[in-house]
Each structure stands twice: as C-alpha cells, then as structure tokens.
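The values are calculated or read from the model by the stated rules, or taken from the named source; none is laboratory data. Everything numeric here is computed off the predicted structure, so don't read it as measured data. Cβ atoms come from the backbone with ideal geometry, glycine included; neighbour counts cover every protein chain shown.
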Amino acid sequence: MEYMILIYADEAHYEAMAEGQMASLMADFVSYTQALEAAGVLRGGAELAPVGSATSVRVRTGKPVITDGPFAETKEQLGGYYLLDCANLDEALAWAGRCPAASLGTIEVRPVTA
Amino acid sequence: MAGDAIAAVEHVFRLEKGRVLAGLMRRFGDLGLAEDVLQEACRKALELWPRTGIPDYPAAWLSAVARNAALDHLRRAGRSVSDAEAVLSCLPAAVMEETQVIEDDRLRLLFICCHPALAPEAQVALALRTLCGLSTAEIARAFGVAETALSQRLLRARRKIAEARIAFELPPEQELQSRLAQVLHVIYLVFSEGYCASGGDTLLRADLCAEALRLGRLLDSLQSGQPEVQGLLALMLLQASRGPARLSPGGELLTLEEQDRRLWDDVLIAEGLAVLALALPARAPGPYQLQAAIAALHAQAPTASATDWRQISALYGALLRHKPEPMILLNAVIACAMAHGAEHGLAWLVRLEAVPSLANSHYLHAARADLLRRQGDRPGALAAYARAAMLASNAVERQYLLRRHGEMRLPLV
C-alpha cells in the first residue's frame, strides 16, 4: 500500500540555520533517502521550493481565479514529500519517524487510495 | 425456552465476541465487515438455537457462520476469494476452537483498538465494542454521550483502520512498552469510568468495571510477566474489592476511613495481593504497581487508624516521579499529612494553590477541610467544605462534601 509522507516545518527555521547545520541536515536527508531505497520502499519524492513561490488556482463560475500564495497560510509549511510503498500504516509511521525533519516539524502520513 | 435461548445467545455473545471478532479480523482485515457478519451470525443464532438447542461450541459456531457470511459478502462484491479460504470455511468449526492463534488475535485486536493513530476518545469505545461485546447504545449510556455521536466516532475509527491499513500485528519489541502503556491506559479508563460514582446507570457502571477486569486478565494471560500489566490488574482488583463498601445505604459516598471494612471483598483482595506479589520481584516499579501497592496497604490495614501512612507517603513520592500530575501531588500531600501531621499537609496545600489547575479543584479544598477538621479548626473546616462543595461538579461528591459540612455545624458532644 502506498503512503504519502508529507513534510511540514517552519521555513523560517531552515532560513535561520547556520551553514554547517544546514549541510548536516542535507546529509541526513541523503542518508534517509538511501535507507528508503535500500529497503525497497521508495516510490518517489521531492523537495519543494519555499512557499513564497506558491500560486493557487480555483475555478469559480467556470473561470479560473489565480491567487498568489499557498492553499492556507500556516505556521508550518509543506516543504517536501516522499511516496512510500509499505505493508501497513505502522511501517509507514516508523519510516516517517526516521525522517530528519520529524524533529523540526510534523510529518503527516496519508494512505494513497488504490 | 425462547427466552432461555435469547439469554444464552446474549451470554455467549458477551463472552466470546472478542475472540470471534479477532479471528474474523485476522482473516478479512476489515473490522467493519467483521462486525457486520458477526451481527448476522448472532441473528441466525437467535433464530435457530431456540429450536436446535445451543451448539457444543457456540463461539466456533458463530465464527463459522460469520465466516461464511463474509465470504458470501466478498463474492457478491466481486472480490476474489481464494480457494483456500473456501476450503477453510468448510472445516468442522471445532477444529478452530481454542487455539493459541485465536488468543493472539484477541491481543492484536486490543492493540489495534488502542493504536495511537486512532482518536483517544474512540479507543475506549472501540475496545468495549469489539472486545467486550457491549452495544453502542450501552457504551453511549455508560459514558453519557449521544449514541449517534458515538456511532460516528466508531465508524470513523473502523474506516481508518481499514483505509490507512493499521497493522493487525503486535508492536515490535522497541515499541512494545509505549504501546502497552496506552493499552493499560485505555483499560484503566474503562475501569475508572465504571468505578467513579458520577451517576448514570449503576448496573452499566458495574459492567464497565467487570469488562475492564476481564481485559486486564486477558492481557495478563497473554503478555505474562509484564510487571505493569500485573500492577494494573492488582490495582483494579484491590479497588473493586471496596465496591460494596463505598456507598452508604442512602447512596452517599463514604471515605476509606468511614467504610465498613467487613464489606470489603476478601476474595478480590487476596487475588489483588497475589497478582501484585508476582510483579514486585521484577523490580521494575511503574505507576500501576505503585498505585496498586498503595491500594494494597489500605486493603491490609485492619482499621483506618492502623494504616501505614508512612509507607503510603513514600510510595506517593515515588509515584510523583512517574506521574508529576496535580491530582497525585494532592494525594501525596494528604498522605504526608496523615504520616507526619496535618500542619505539614496544610503548609503544602498553600503552595499547591498556586498551581493553576488545582486552585479551583474541589479536591484541594476538600483536602484542606479534612486536615483542618482533624486539627479541630471548625470555622476553617466549615469554610473549606463549603468552598469545595461549591466547586464540585459530581452530584455524589457534592452530597458528600455537604454532609461533611453539615456534620461540622453540629455541636460537639
């Protein structure tokens, strides 16, 4: 079964990081991704550009309405995702808990409908 | 005869539901489906058993009928059912009876019901519904919530188990202790809901206590040698032993000191003490063992005045390290006052009043009133009882405080 691992954290937190801290976080993400690959559960994933680059589209009365900004202004922003193939929720939660950003923000785990 | 059969079906259902449901859950992985087909099997039992008599293995009968209904349902829904399943469903039901697998499935079901991915308020209801055979209406009445709201909650939880595919497995070793703690928490919540006399249907409340004890015993038999599991079971047994003595004939709440100790249930006390004695050699004291040890000291005191308050006070000190919660702090203060003198307790209470969650707690003011009463400070005690009674939201507790208040106003003889 596939699970979306949605990584939410306060972008300001990353911006405030010293260069060395940032480098070690990136290194942690690289080894996390390698671990996912080695376990054969990785189906996809990406880091997203900061939320300042987000644009939202809604179609109202047949016309697209385009607005600057994300779906909702929140304290923590969606910064990236992984798509994992796991046997069950518990396995997906265990992987989510190992994500380097789990100690900085919140990882939301959502099953993907088959 | 029909009445007998209905009573028998209800009895079997209450006793065996968790076991049958666990087996169905293992096979079909869908708690909603499992519940539906078991319901169907029970309907068939109600139709048939009055005529045919109760089968030798009622649980196996229910399992087999429910299993067939589930297979039918899946076939109708166009889902493939493996041949093995079909063969399995034709086996004599007795073969499936009483195997270790089924017992383990019940434990898995208990862990699923208490899974952290489910809303905490759904966990208790789900455990009662799936493992104890209580109806949604009964659970709603026992917890004083609307039945529709409760069914919604249960529906959401079942749907999440299926859609997010929560594992029907025991937690891995490194998570076992934290998951077990949640299971213990849920069982104790069930017990406490039944034990606290906050009104409502008293018969159902007794049921909740009995169901919690049953779950505790089940967990203890399946996860043997876990000191905290034994601690919880001992705690519930020791608290339950006071059941008949806790209320006066008029329905008023009585303190430990006022209770007629001859009414305490010796059998439950003996079992509680024995279970606790099994836990202690592991030397891994946790909050349930400590609370059970405190309850054990009360249970063993021949009279209220012969209570070993020094040891109880020390145990509360240890308990506070595990659970630094305001209510436990308050109990620790009372124990300290009983062990070392009311003035120690009163000095502590002044400091506790600065804790926001305690400042308006009727427990704090009731404790102060009690200590002042022991010191012979009648005006102080009167004021504190009045304040406590004003703050108490539970009718039985308020009645108790008002009674105390009234007694203080009587002239001393």
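Kindly establish whether residue A:64 is more than 14 Å from chain B (Cβ to nearest Cβ), touching a Leu at 6+ places or on another chain (Cβ under 8 Å) and not acidic (Asp, Glu). Spell out how you get there, then give the answer.
Details: more than 14 Å from chain B (Cβ to nearest Cβ): yes; touching a Leu at 6+ places or on another chain (Cβ under 8 Å): no; not acidic (Asp, Glu): yes.
No: the conditions fail for residue A:64.
Residue under question is residue A:99, and the condition is that it be within 14 Å of chain B (Cβ to nearest Cβ) and surrounded by 10 or more Cβ atoms within 10 Å (Cβ to Cβ); does it hold?
Numbers: within 14 Å of chain B (Cβ to nearest Cβ): no; surrounded by 10 or more Cβ atoms within 10 Å (Cβ to Cβ): yes.
Taking the combined requirement at face value, the residue does not satisfy it.
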Quiz item: Quick one: in the stretch A:102-114, which of the residues that are more than 14 Å from chain B (Cβ to nearest Cβ) and free of Cβ contacts under 8 Å to residues at least 60 places away in the same chain is nearest to the chain's Cα centre (by Cα)?
Solution: A:102
Self-check item: Matching residues in the stretch A:23-65 - criterion: being over 27 Å from residue A:92 (Cβ atoms) and in a helix (DSSP H, G or I)
Solution: A:23, A:52, A:53
Practice problem: Just one of (1) within 20 Å of residue B:404 (Cβ to Cβ); (2) surrounded by 15 or more Cβ atoms within 10 Å (Cβ to Cβ); (3) not acidic (Asp, Glu) trips up residue B:348, so point out which. | Solution: (1)
Practice problem: Determine, yes or no, whether residue B:159 is within 14 Å of chain A (Cβ to nearest Cβ) and basic (Lys, Arg). | Solution: yes
Practice problem: Scan B:245, B:240, B:270 and give me the residue that is of a type in the set (A, V, I, L, M, F, W, C), touching a helix residue (DSSP H, G or I) at 6+ places or on another chain (Cβ under 8 Å) and free of Cβ contacts under 8 Å to residues at least 40 places away in the same chain. | Solution: B:245
Quiz item: Which condition breaks for residue A:4 when tested against (1) away from chain B (no Cβ under 14 Å); (2) modelled with pLDDT of 95 or more?
Solution: (1)
Quiz item: Right, residue B:20: crowded, with 22+ Cβ neighbours inside 10 Å, at negative phi and over 25 Å from the mean Cα position of the chain (by Cα) or not?
Solution: no
Quiz item: Failed condition for residue A:84, given (1) within 14 Å of another protein chain (Cβ to nearest Cβ); (2) touching a helix residue (DSSP H, G or I) at 6+ places or on another chain (Cβ under 7 Å); (3) of a type in the set (A, V, I, L, M); (4) not in a strand (DSSP E or B), with all others met?
Solution: (4)
Quiz item: Restricted to the stretch A:15-40, and to residues that are in contact (Cβ under 8 Å) with a residue 12 or more places away in the chain and hydroxyl-bearing (Ser, Thr, Tyr), which residue is nearest to the other protein chains (Cβ to nearest Cβ)?
Solution: A:32
Quiz item: With respect to the numbered conditions (1) surrounded by 16 or more Cβ atoms within 10 Å (Cβ to Cβ); (2) farther than 14 Å from residue B:241 by Cβ, which one is the sole condition not fulfilled by residue B:283?
Solution: (1)
